[in-house]
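Below: the structure, in structure tokens.
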Amino acid sequence: MRLTLLDAAIAVFLEQGFDRALMSSISDRAGCSKGTLYSYFSSKDELFFEAVLGGTEKECQTVILALDATSESLQETLLSFGKSYLSLLYSPRFQALRRLAFCDTSESKLGRRVYEQGVQRYQEIVADFLGSAMKRNQLRGAEPVVAADHLCGLLESELLVKFLLRVLDDVTDDELGRIAERAVDVFLAAYSRLS
């Protein structure tokens, strides 16, 4: 039932936005009573948070798997991660969920929760991977968390402003691949070990 409720919540939030979405609309969509909905989620804020994070967990795990520490080529690993990362972030469903999180106007600071329990957690995994590459002398020594921010920032640098201003057209897989290649090239130029 929990997954049914989360699916219904995502659908209602995407259709109506957070502020206009009603718990009764979500329970109707899920085919249950409001009491059942409240037995799983104590508030609309909690349901929203669980829907945004839970609705993206599986896809995020897939992206993280691209960071294969056993790979011989750091460039290929970063490129594989970059393509997966951009494919996830710029899929229509994920864009819609990100917009919901960005547009949150509730008093409960859901954006902070999404960052701290979602985005930051994955950034730390990327930082750990880059820190390991630094220890193996594949990258110059630096602060791994900052390097992870740089990598992810470079990957989004060609698309983020267009996304935020809602002028981003559909981006093909080939375009995302080229964007990832450019971002990884710049990242490696900045973080490669000096000869």
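Read-outs: derived from the displayed coordinates by stated rules, not from any lab. A quick note: this is a predicted structure, and the numbers were derived from the prediction, not measured. Here the Cβ is made from the backbone with ideal geometry for all residues, glycine too, and neighbour counts use every protein chain on show.
What the table below lists for this structure:
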item: Residue-averaged 222 nm ellipticity for the chain, from DSSP H runs of 4+ at -39500 (n - 2.57), nearest 500; result: -22000 deg cm²/dmol
item: Size of the stretch 2-50 as Cα extents on the principal axes (Å, biggest first); result: 22, 19, 16
item: Loop trypsin sites (Lys or Arg not before Pro), the stretch 131-195 (other Cβ atoms within 10 Å of the site Cβ: 11 or fewer; DSSP); result: Arg136, Arg166, Arg193
item: Neighbourhood net charge (11 Å Cβ-Cβ; Lys/Arg +1, Asp/Glu -1) for Arg29; result: -3
item: Only Lys, Arg (+1) and Asp, Glu (-1) charged, at Cβ; the stretch 1-137 dipole about Cα centre in debye; result: 140
item: Average Cα contact separation per residue, the chain, under 8 Å, 6 or more apart, as relative contact order %; result: 20
item: Positive-pole candidate from Gly131, Ser24, Thr70, dipole of the stretch 1-142, charges at beta carbon; result: Gly131
item: Separation between Cα centres of the stretch 133-195 and the stretch 45-89, rounded to whole Å; result: 14
item: Rg/Rh (Cα only; Kirkwood hydrodynamic radius) as it applies to the stretch 56-191; result: 0.97
item: Total charge dipole magnitude, the stretch 56-191, about the Cα centre, Cβ charges on Lys, Arg, Asp, Glu only, Debye to nearest 20; result: 360
item: Inter-site label distance for Val145 and Asp19 at 7 Å from Cα along Cβ, in nm; result: 3.3
